[in-house]
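Asks: Have a look at the structure that comes next, please.
The values are calculated or read from the model by the stated rules, or taken from the named source; none is laboratory data. Source: prediction; values computed, not measured. For neighbour counting, all protein chains shown are included, and Cβ atoms are generated from backbone atoms with ideal geometry for every residue, glycine included. Areas reflect the complete protein model, heavy atoms only, side chains present, ligands, DNA and RNA absent. Shrake-Rupley method; radii C 1.70, N 1.55, O 1.52, S 1.80 Å.
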Amino acid sequence: MSEQARRRPHKPYRRPQKDPVRMLAFEALRAVDERDAYANLVLPPLLRKAREKEGPDKFDGRDAALATELVYGTLRRQGTYDAIISACVDRPLREVDPPVLDVLSLGAHQLLGTRIPTHAAVSASVELARVVLGDGRAKFVNAVLRKISQQDLDAWVEQVAPPYDQDAEDHLAVVHSHPRWVVSALWDSLGGGRAGIESLLEADNERPEVTLVARPGRITTEELAAGVETEPGRWSPYALRMAEGGEPGAIEAVKEGRAGVQDEGSQLVAIALANAPVEGSDTRWLDGCAGPGGKAALLGALAAERGAFLLASEKQPHRARLVERALAGNPGPYQVIAADGTRPPWLPGSFDRVLMDVPCSGLGALRRRPEARWRRRPEDLDGFAPLQRALLTEALSAVRVGGVVGYATCSPHLAETRVVVDDVLKKVGGAELIDARPLLPGVPELGDGPDVQLWPHLHGTDAMYLALLRRTA
């Protein structure tokens, strides 16, 4: 060893510092990846745990807001960030360990998707890597993030996305962070040119508003708005939009079930079915796929105003318990049962109104569940198709002649919407489509009908689909 080396002081080992915000974000991403968890279910308990551990003064509202933005922002832009990270590493992305990729993605989002200064984004990410990955892999993270920091998001996208005129779908997939097959499916459903699909994909990457529903007969929108910073809903007379950062779980009316958190598109589906004209009696209503209970609670309240009875059926017992909780205290008669809607316990022709909000791909709620776009596969639709057809067939059997069925999905995919309805109508007979558009008064751009497709970029709602069918024989 040279004399100079002997004299050089050894750099003391520094224990990596845990940043509770970034640790929480990393834990949430790992849960989404490892357990197929949903971020909206993982985050709340992690935030509660952090507040208990760090104390309310140390983990304040800004910390929770930053952790939430890091998780959701990283998941929404994952496809774009993957393309950028891939351009900065010397191996296929599938060969990068998933925990390392999560740290890199969190770092990329801080660098390219937030206002966090470059040096702070890199140093905080490297520190996180030291804590959760070790010093060796932290050096790799540091090298990759320094490459990413050399350009802004627009410059990176221009570099990694194929030109639109060469491959339009792949260009949109990279730029707007959606799988190519989802871009293709949404474009088919939407129709039209480039402007519409780009607006839709951009809307999917925006943070959705929190919308409340004032359940009629239990609380008014005026009473619900008292002491809460809100704006009226755009379309539903029962909706209130909360100010950014508002905590719906802290509202007494929500705690008591007199109000709930419910997207305005979901409210419109229940309202349209409740207001559809029926011939004859109107005393028995059915929600045939009621879990987790948001539509059932609104339907139950609307039924109660008319003295009608609601039967809420849900196949999964644990989801049936959620429906019971949502309906608890409903002012009118109701019953919740755990039953399979494809093999129902009720007799044919038992109901005047039936809602069948069927299980689906969830492509209409990508704002709220951004990880779903990466989890779903085209072949998943083949698995849903028989169930959707069976449920709609049984719904038409359950309604009496002159009654109305509402077929709804939180997906705009044609294979889950119009194709299902058309196939069942051809097979079953004795039913006709009725125009749903007049039952959504004031809502613009509802298309040619008779069914209705809502859109995030046009209506500010989830992409809910609704077809109304009257039993004629």
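Asks: Net charge around Val443, counting only other residues with Cβ within less than 10 Å of its Cβ (Lys, Arg = +1; Asp, Glu = -1)?
Replies: 0
Asks: Lys427: which aspartates and glutamates have alpha carbons under 15 Å from its alpha carbon, excluding same-chain residues fewer than 8 sequence positions away?
Replies: Once the sequence-local aspartates and glutamates are set aside, what remains near Lys427 is Glu394.
Asks: What is the packing order of peptides 107-115, 448-456, taking the mean over residues of other C-beta atoms within 10 Å and listing the highest first?
Replies: Ranking, from highest mean packing down: 107-115, 448-456.
Asks: Given an 8 Å cut-off on Cα distances and at least 6 residues of separation, report the relative contact order of the chain as a percent.
Replies: Here the relative contact order equals 12 percent.
Asks: Excluding Gly402 itself, calculate the net charge of residues whose Cβ lies under 14 Å from the Cβ of Gly402, where each Lys or Arg counts +1 and each Asp or Glu counts -1.
Replies: +1
Asks: Also, I was wondering about something else. Can you list, largest first and rounded to whole Å, the semi-axes you get for segment 106-182 by taking the square root of 5 times each eigenvalue of its Cα gyration tensor?
Replies: Each semi-axis is the square root of five times an eigenvalue, giving 29, 13, 10 Å.
Asks: Distances over 17 Å make up what percent of all Cα-Cα pairs in segment 52-152?
Replies: Roughly 51 percent, once rounded to a whole number.
Asks: Can I ask one more? Cβ neighbours within 10 Å, averaged per peptide: list 123-132, 367-376 in order, most packed at the top.
Replies: The peptides rank, most packed first, as 123-132, 367-376.
Asks: For the chain, what value does the Rg/Rh ratio take when both radii are computed over Cα atoms and Rh is the Kirkwood radius, given to two decimals?
Replies: My calculation puts Rg/Rh at 1.04.
Asks: If you count only protein heavy atoms with a 1.4 Å probe, what accessible area per residue comes out for the chain, rounded to a whole Å²?
Replies: Roughly 46 Å² per residue, with all protein chains present.
Asks: On to the next question. Roughly how compact is segment 43-92, stated as its Cα Rg over 2.2 N^0.38 Å to two decimals?
Replies: The value comes to 1.57.
Asks: While we're on this one: To one decimal place, what orientation-averaged projected area in nm² is obtained for the convex hull of the Cα set of segment 334-473?
Replies: 9.3 nm²
Asks: To continue, here is another question. Taking a 1.4 Å probe, which of Glu54, Glu432 shows the most accessible area, and what order do the others take after it?
Replies: Accessible-area ranking of Glu54, Glu432, largest first: Glu432, Glu54.
Asks: Moving on. Sorted by packing (mean other beta-carbon atoms within 10 Å per residue), highest first, where do 58-71, 268-281 land?
Replies: Descending packing order for the listed peptides: 268-281, 58-71.
Asks: Please compare each pair in Lys255/Lys295; Lys58/Lys147; Lys49/Lys315; Lys255/Lys315; Lys49/Lys139 to a cut-off of 28 Å on the Cα-Cα distance and tell me which ones are over it.
Replies: Result: Lys58/Lys147; Lys49/Lys315; Lys49/Lys139 exceed 28 Å.
Asks: Here's a follow-up. How long is the gain from Arg94 to Glu247 if the chain were fully straight, where each residue apart is worth 0.36 nm and the alpha carbon distance is subtracted?
Replies: 51.3 nm
Asks: Mean 1/r over all different Cα pairs, inverted: what Kirkwood radius does segment 192-331 give, in Å?
Replies: By the Kirkwood definition, the hydrodynamic radius is 16.2 Å.
Asks: For the chain, what does -39500 (n - 2.57) per DSSP helix run (n ≥ 4), summed and divided by total residues, give at 222 nm, in deg cm²/dmol to the nearest 500?
Replies: Roughly -14500 deg cm²/dmol at 222 nm, from the helical runs in the chain.
Asks: Please give me the summed charge of the neighbours of Trp181: other residues whose Cβ is under 15 Å from its Cβ, Lys and Arg +1, Asp and Glu -1.
Replies: Neighbourhood net charge equals -4.
Asks: Could you tell me what percent of the accessible area of the chain is made up of carbon and sulfur, with a 1.4 Å probe and every protein chain present?
Replies: 50 percent
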